[in-house]
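One structure below.
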Amino acid sequence: MDSASKLLSRFSLNHPALLFSIIISLLIGAESMASVLVAPTVVFLSDKDKTGRMTIQNPTDKPKEVSIYISWGLPTSDSAGNIQVILQDSGVTDAHSAKDWVKPFPSKMILGANASQVVRFRANPPANLPDGEYWARIVVKAQEGEMNLPVPSNQDKITTKLNMITQTAIMLKYRTGNLVSKLELVNAEARGTDSAVIVTASFENKGNVSYVGVLRCRLVDDAGNLVAEDRLDLAVYYSLTRKVTFPLKEDQSGTPMRVEMAVSTSGRTDISDQDMIPGNSLERSLVVNQ
């Protein structure tokens, strides 16, 4: 008996809510068995070329049922810099949404073991679209065949059949006219605790495209010696707060330090030069508040 069967056999069907919770946990842990690979990580379309493509690959030895559809969702953050993306399939009113006028072909497929498939996208934007960038999410769902889940042996012989489904959502961008990439640093602070220095930076997009770049932070001591450094990929659509945490050693707590922060559109390795829109650079020096 495998570990999933042993775990399920401990619980009676007299506790369906508990059993359901266990099943969901097991399926989350099994997601890697049902996954597919997609490339690239961003699909670009434009008024000069209204078509794009994405490759979906099944790296396993089992066929997958794959569906592709267009949704909406931008990265948002709270004041502490925690990021989330919430997908929205209806009721989208954002003026920069391309959700309703981009279509995938094909939208469904059976992807054989170790096989790959090219999916094409076609944009049919409304007339007289203002200059700028328009966004959507490409959602890819992969589903395996049915999996039988056993129940305790002292019950009637019942088998539950469930499908394992994984989902990924990548960004689609449509560009038209004159494109401007410009970012403003609204607020930034560096705060020291007993165990870390926490940097938070809030940005606002002042261009008509998403600002895509890199946030670099260097933690230095009072003499200018490097203590630690980090970098984050940055994508600001409207406004966003990012957080960088530098763990400290015991003897570093309370030591006077500062953070040298820099933002620019150079240094991205996941987007080709031809798809990058150069923008302004920002620099700020922050004293660590203890």
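No lab work stands behind these numbers, since they all come straight from the coordinates. All values reported here derive from a predicted model rather than from experimental measurement. Note that each Cβ is placed from the backbone with ideal geometry, even for glycine, and that neighbours are counted across all protein chains shown.
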*Quick one: plug the Kirkwood hydrodynamic radius of the range 183-289 (C-alpha pairs) into Stokes-Einstein at 25 °C, 0.890 mPa s, and report D in µm²/s.*
169 µm²/s
*Between the range 262-284 and the range 127-144, what's the alpha-carbon centroid distance in Å?*
22 Å
_Per-residue HN-Hα couplings for the range 217-229 [Karplus 6.51, -1.76, 1.60; θ = phi - 60°; Hz; x = Gly/Pro]_ = 10, 10, 8, 10, 7, 5, 8, x, 6, 5, 9, 6, 8
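Please give the contour-minus-distance gain from N187 to T255: 0.36 nm per residue of separation, less the Cα-Cα distance, rounded to one decimal in nm.
Values: separation 68, 0.36 × 68 = 24.48 nm, distance 2.36 nm.
Difference between extended and current length: 22.1 nm.
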*Which of the peptides 117-126, 88-97, 199-208 is most tightly packed, and how do the rest follow, going by the mean number of other Cβ atoms within 10 Å of each residue?*
199-208, 117-126, 88-97
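Using a Förster distance of 30 Å, how high is the FRET efficiency between A39 and Q290, based on the Cβ-Cβ distance and rounded to 0.05?
On the way: r = 45 Å, r/R0 = 1.51.
FRET efficiency, A39 to Q290: 0.10.
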*In whole Å, what is the distance between the alpha-carbon centres of the range 43-108 and the range 188-215?*
26 Å
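Contour minus end-to-end for E65 and D230, with contour as 0.36 nm per residue of separation and end-to-end as the Cα-Cα distance? Show your work: numbers first, answer last.
Details: separation 165, 0.36 × 165 = 59.40 nm, distance 3.97 nm.
Fully extending the segment from E65 to D230 adds 55.4 nm.
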_Distance in nm between pseudo-label sites at S239 and N124 (7 Å out along the Cβ direction from Cα)_ = 3.7 nm
*Are any of the pairs K103/K206; K141/K182; K108/K243; K108/K173; K108/K182; K50/K141 more than 31 Å apart by Cα-Cα distance, and if so, which?*
K141/K182; K108/K243; K108/K182
*List every residue whose amide H lies under 5 Å from the amide H of G279, counting only residues 5 or more places away in sequence or on a different chain, with H placed 1.01 Å from N in the peptide plane.*
T265
